[in-house]
Amino acid sequence: MKIIQSFAQFDEGSHYLMYDENNIDKIYLNFYVNLLSVLTLQKYYNQVTMYCNQKAYDSFIKYLPYHEIKIVENKNPFEFWSYYKVDIIKRQTAKFIHVDPDVFIFDDLFSDFIKTRKYDIMVQDTIQPHLNPIKSEMAEIERYLKDIDDVHYKYCDGKAHSNGVVGMTVKVKKEFIKMCETFKKGYVNGELKVHSIAMIAEELALYLVAMHDELKCHEVLPYDEIVANGIKDTANKRKYTHMWGDSKFNLKYIELVKLKIKKEFPKSYSIVEKYEREVINNVLV
């Protein structure tokens, strides 16, 4: 089972920092969460492969201890900020798990998906309709799918998958890519008039495919537990962390990440020291 991560650095910086005048400089701060992410994955699953563009590699990824780093240039415009992940998934030729590089695991959370055939896909969680960031766009999405006679419109129930972690078989991958391309084509052609195409063309796409094909889904954070206890408590109980939004660029949280690396992976802390000595001290943050 291949564990993969991906990161494309855009000329515009990070979509999480669109209104920050130091956006480009802060890209270098991704290093800390990426390092803790790959270290936690290696602890449980040994080898991790990173796919990135040359700009990202030169910025900070070359300092990270991946088993393998593959350079794949990013051909997507900034508004498709999540689609690089789709492009990397498209390249996979066997069952895989993609983990966003701002995700930390502190337990073996993937074994059921890796070692059994009970599941077709694995996701971080399933988003409740009232918490779905694209809930205001669901009517337009449903209209578009109906207009092009795509039966997936029947499953626009307000939910979507959250793909901080996403795994699938090759058979599912093919259907997932088709759905992603359906949304992308509609948006580019002006037939799908939405604002959040990056999320729609990835996370909603997988949910619709899963519902239509009746796929068996392993949720790292189970839906029922989230409904009962909230996503933060569920994530804490499951020993799972996803650094959402701009938190990965917040110096307070970066210090906590550094402390976690020093405590949990002391032999790897020299990587932090080397990076700060050679890069951070020379970049305005």
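So, residue 105, is that one in contact with a Gly (Cβ under 9 Å, 6 or more places away or on another chain), more than 27 Å from residue 185 (Cβ to Cβ) and either surrounded by fewer than 20 Cβ atoms within 10 Å (Cβ to Cβ) or aliphatic (A, V, I, L, M) (or both) or not? No, not satisfied. Selection over the range 230-281 of residues that are surrounded by fewer than 17 Cβ atoms within 10 Å (Cβ to Cβ), outside any helix (DSSP H, G or I) and at negative phi gives a count of 3. Taking (1) at pLDDT 95 or above; (2) closer than 28 Å to residue 105 by Cα; (3) outside any loop (DSSP other than H, G, I, E, B) in turn, residue 221 satisfies each apart from (3). Within the range 130-182, the set of residues being over 12 Å from residue 200 (Cα atoms) and part of a strand (DSSP E or B) comprises 164, 165, 166, 167, 168. State yes or no: is residue 235 free of Cβ contacts under 8 Å to residues at least 60 places away in the same chain and in contact with a strand residue (DSSP E or B) (Cβ under 7 Å, 6 or more places away or on another chain)? In short, yes. Highlighted here are the helices (runs of 4 or more DSSP H) found entirely within the range 1-112 that include at least 2 residues which are free of Cβ contacts under 8 Å to residues at least 24 places away in the same chain and farther than 21 Å from residue 265 by Cα: 23-26, 54-59. Among the residues in the range 156-173, are any out of contact with any Ser or Thr (no Cβ under 6 Å at 6 or more places or on another chain), free of Cβ contacts under 8 Å to residues at least 40 places away in the same chain and surrounded by 17 or more Cβ atoms within 10 Å (Cβ to Cβ)? Scanning the range 156-173 turns up no residue that is out of contact with any Ser or Thr (no Cβ under 6 Å at 6 or more places or on another chain), free of Cβ contacts under 8 Å to residues at least 40 places away in the same chain and surrounded by 17 or more Cβ atoms within 10 Å (Cβ to Cβ). Looking across the range 118-150, the residues that are charged (D, E, K, R) and farther than 30 Å from residue 94 by Cβ come down to 135, 137, 140, 142, 143, 146, 147, 149.
Taking the criterion of being without any contact (Cβ under 8 Å) to a residue 60 or more places away in the chain, crowded, with 22+ Cβ neighbours inside 10 Å and in contact with a strand residue (DSSP E or B) (Cβ under 9 Å, 6 or more places away or on another chain), would at least one residue in the range 177-193 satisfy it? No, because not a single residue in the range 177-193 is without any contact (Cβ under 8 Å) to a residue 60 or more places away in the chain, crowded, with 22+ Cβ neighbours inside 10 Å and in contact with a strand residue (DSSP E or B) (Cβ under 9 Å, 6 or more places away or on another chain).
The values are calculated or read from the model by the stated rules, or taken from the named source; none is laboratory data. All values derive from a computational prediction rather than experimental measurement. So basically every Cβ, Gly included, is an ideal-geometry build from the backbone, and we count neighbours across all protein chains shown.
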